[in-house]
Amino acid sequence: MKLFGVLIPEKEQLISTVGDVIKGKAGLSLYASIFGLVIGLYAIGSIFIRGHAHTINTSSLVPWGLQISTYVYFALLSTGCTFVNFFGHVFFEKQYKPFASRIVFVGIITAVAAFFSLTTEMGHLERMYYFLLSPNPKSPMFWMAIWYTCYLIIIIWEYINIQTNRHSNRVMWAAFFIAVFTHSTLGSLLGSVSSRVYYYSALMPIYFLFIAFLTGCSLTTIIAAMTVKQKKLDENFHLHPFVTLLKVGLGLALLITFWRMMIGLSAHLEGSEVFSLTLINSVLFGIVVVIVIPYILLKISQSAKWLIFVGLFIMGTQLKARNDLVVGAFKIPVFRVYDMPEIVHYTPSIYENLVVVASASLVAMLYIVFERSGVFEARNIKEEH
């Protein structure tokens with residue numbers, strides 16, 4: 001069935017999927033995503049009804065917690081999908097074509113999941129109209145909102161073009177550059193916080209782009225590997241571009257992570273001791289586990305099943321790495337007064353963890369339903385220059 005030329009799931013297929021769920025024939029992945037979304041929505045409902053003070057472990061000392069980390073994580077995933085779509089079309093057109101609509105669609109729903117997580121942390125959503133009544137162009141947050149709006153419009157436009165057999169190079173290039181502007185602005189939002197040395201850096205906008213590329217490569221590698229298995233495509237031919245991009249992403253992540261750490265260790269500003277405090281975690285986890293081990297895993301095998309495992313491994317470690325980044329800035333208090341701890345500790349509550357589950361389950365459920373509906377079937381794409 002089409003809506004303005006764009007394929008959407010057929011009514012009969014949706015009814016059939018619901019029937020399979022009721023009959024117990026929907027498959028473990030769909031049941032897991034539905035269950036995760038249900039318990040996640042329960043947690044989100046509790047957050048809004050009972051309030052942050054009774055459900056979330058953030059405080060005046062740690063104002064940003066796992067919900068913000070989840071927002072950043074899914075926002076970067078969305079950007080990474082846009083980057084992979086761009087490089088796939090430009091450098092690996094034939095190998096990439098069967099996955100184009102899937103990857104752009106996931107870029108859209110991960111952006112939605114990012115906002116889904118952010119709304120659970122914002123509090124009074126009904127007051128968001130003040131953003132329009134009192135804009136502040138001097139704030140990176142203002143420009144982040146502007147660019148995000150443009151970003152969502154352009155990637156939806158790109159998806160419509162692919163679905164209607166009118167892939168446009170102009171729209172693809174526009175999506176790439178707007179993704180760069182949007183998520184480097186998100187990096188600048190943290191990088192301009194001069195009171196937090198762990199954030200404050202001109203490297204932060206570039207850091208966000210490099211990490212977005214890596215996480216996007218991991219997610220799209222999983223999608224490509226699953227599609228190759230399902231459709232019995234040539235693994236070596238179709239998965240080679242994703243392995244190549246994944247290796248590039250790991251290299252870029254290693255470069256930016258190493259130099260951010262070294263510059264932080266050599267700093268003498270008040271609060272820069274946080275880099276020394278987190279050095280072991282930064283080296284053992286942030287470099288060895290997050291970057292070196294995935295590269296070794298890629299050298300072991302490049303089969304579809306193995307690449308799914310490698311992609312999941314990278315995505316899991318990147319979620320922790322994003323939380324370490326967001327929360328790490330608050331380990332050292334800005335004002336050290338009487339009765340304030342030297343080092344601030346933060347552990348997410350069960351409700352915060354369930355927000356992560358809800359966001360991930362939302363993405364998984366939407367993708368599974370659209371995949372089963374045959375919406376992503378490959379077509380002959382006409383180029384528009």
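The values are calculated or read from the model by the stated rules, or taken from the named source; none is laboratory data. From a predicted model like this one, the values you see are computed outputs, not experimental measurements. Glycine also receives a Cβ, built like all others from the backbone with ideal geometry; neighbour counts cover every protein chain displayed.
Name the helices (runs of 4 or more DSSP H) wholly within region 24-97 that hold at least 2 residues that are under 30 Å from residue 335 (Cα atoms), touching a residue at least 40 places away in the same chain (Cβ under 8 Å) and aromatic (Phe, Trp, Tyr)?
Of the helices (runs of 4 or more DSSP H) lying wholly inside region 24-97, those with at least 2 residues that are under 30 Å from residue 335 (Cα atoms), touching a residue at least 40 places away in the same chain (Cβ under 8 Å) and aromatic (Phe, Trp, Tyr) span 66-91.
Look at residue 265 and say whether it is under 21 Å from residue 80 (Cα atoms) and either touching a helix residue (DSSP H, G or I) at 6+ places or on another chain (Cβ under 6 Å) or touching a residue at least 24 places away in the same chain (Cβ under 8 Å) (or both).
no
Mind checking which residues of region 348-367 are among the hydroxyl-bearing types (Ser, Thr, Tyr) and farther than 17 Å from residue 222 by Cβ?
349, 351
So is residue 208 of a type in the set (Phe, Trp, Tyr), crowded, with 21+ Cβ neighbours inside 10 Å, assigned to a helix (DSSP H, G or I) and under 14 Å from the mean Cα position of the chain (by Cα) or not?
Yes, satisfied.
Just for region 117-137: of the residues that are of a type in the set (A, V, I, L, M) and without any contact (Cβ under 8 Å) to a residue 12 or more places away in the chain, which one is surrounded by the fewest Cβ atoms within 10 Å (Cβ to Cβ)?
For region 117-137, the residue satisfying everything is 133.
Kindly indicate whether residue 310 is crowded, with 22+ Cβ neighbours inside 10 Å and of a type in the set (Val, Ile, Thr).
yes
Are any residues in region 112-170 small (Gly, Ala, Ser) and out of contact with any strand residue (DSSP E or B) (no Cβ under 6 Å at 6 or more places or on another chain), and if so, which ones?
113, 114, 117, 123, 134, 139, 145
Quick check: anything in region 134-148 under 26 Å from residue 376 (Cβ atoms) and part of a helix (DSSP H, G or I)?
Yes, because at least one residue in region 134-148 is under 26 Å from residue 376 (Cβ atoms) and part of a helix (DSSP H, G or I).
Could you list all residues from region 263-298 that are among the polar types (S, T, N, Q), assigned to a helix (DSSP H, G or I) and within 17 Å of residue 342 (Cβ to Cβ)?
If the condition is that a residue be among the polar types (S, T, N, Q), assigned to a helix (DSSP H, G or I) and within 17 Å of residue 342 (Cβ to Cβ), then 276 is the only one that fits.
Tell me whether region 111-130 contains one or more residues that are acidic (Asp, Glu) and closer than 30 Å to residue 231 by Cα.
Among the residues of region 111-130, not one is acidic (Asp, Glu) and closer than 30 Å to residue 231 by Cα, which makes the answer no.
State whether one or more residues within region 344-354 are in a loop (DSSP other than H, G, I, E, B), buried (at least 16 other Cβ atoms within 10 Å of the Cβ), modelled with pLDDT of 90 or more and not charged (D, E, K, R).
Yes: one or more hits.
Looking at region 40-63, which of its residues are aromatic (Phe, Trp, Tyr) and modelled with pLDDT of 90 or more?
Scanning region 40-63 gives a single hit, 42.
Does residue 95 count as modelled with pLDDT under 95, closer than 24 Å to residue 218 by Cβ, buried (at least 16 other Cβ atoms within 10 Å of the Cβ) and over 18 Å from the mean Cα position of the chain (by Cα)?
Taking the combined requirement at face value, the residue satisfies it.
Collect the residues in region 214-248 that are surrounded by fewer than 24 Cβ atoms within 10 Å (Cβ to Cβ), not in a loop (DSSP other than H, G, I, E, B) and not aliphatic (A, V, I, L, M), keeping them in residue-number order.
227, 229, 230, 231, 235, 236, 237, 238, 240, 241, 244, 247
Okay, residues lined up against (1) of a type in the set (A, V, I, L, M, F, W, C); (2) at pLDDT 85 or above:
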position: 14; (1), (2): yes, no
position: 25; (1), (2): no, no
position: 33; (1), (2): no, yes
position: 38; (1), (2): yes, yes
position: 88; (1), (2): no, yes
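Could you give every pair whose Cβ atoms fall below 7 Å, whose first residue belongs to region 304-327 and is modelled with pLDDT under 95, and whose second residue is of a type in the set (Ser, Thr, Tyr) and surrounded by fewer than 22 Cβ atoms within 10 Å (Cβ to Cβ), counting only separations of at least 6 or pairs across chains?
Close Cβ pairs satisfying both conditions: 327/346.
Considering 114, 100, 174, which residue is more than 30 Å from residue 349 (Cβ to Cβ), among the small types (Gly, Ala, Ser), part of a helix (DSSP H, G or I) and touching a residue at least 60 places away in the same chain (Cβ under 8 Å)?
That would be 100, the only listed residue that is more than 30 Å from residue 349 (Cβ to Cβ), among the small types (Gly, Ala, Ser), part of a helix (DSSP H, G or I) and touching a residue at least 60 places away in the same chain (Cβ under 8 Å).
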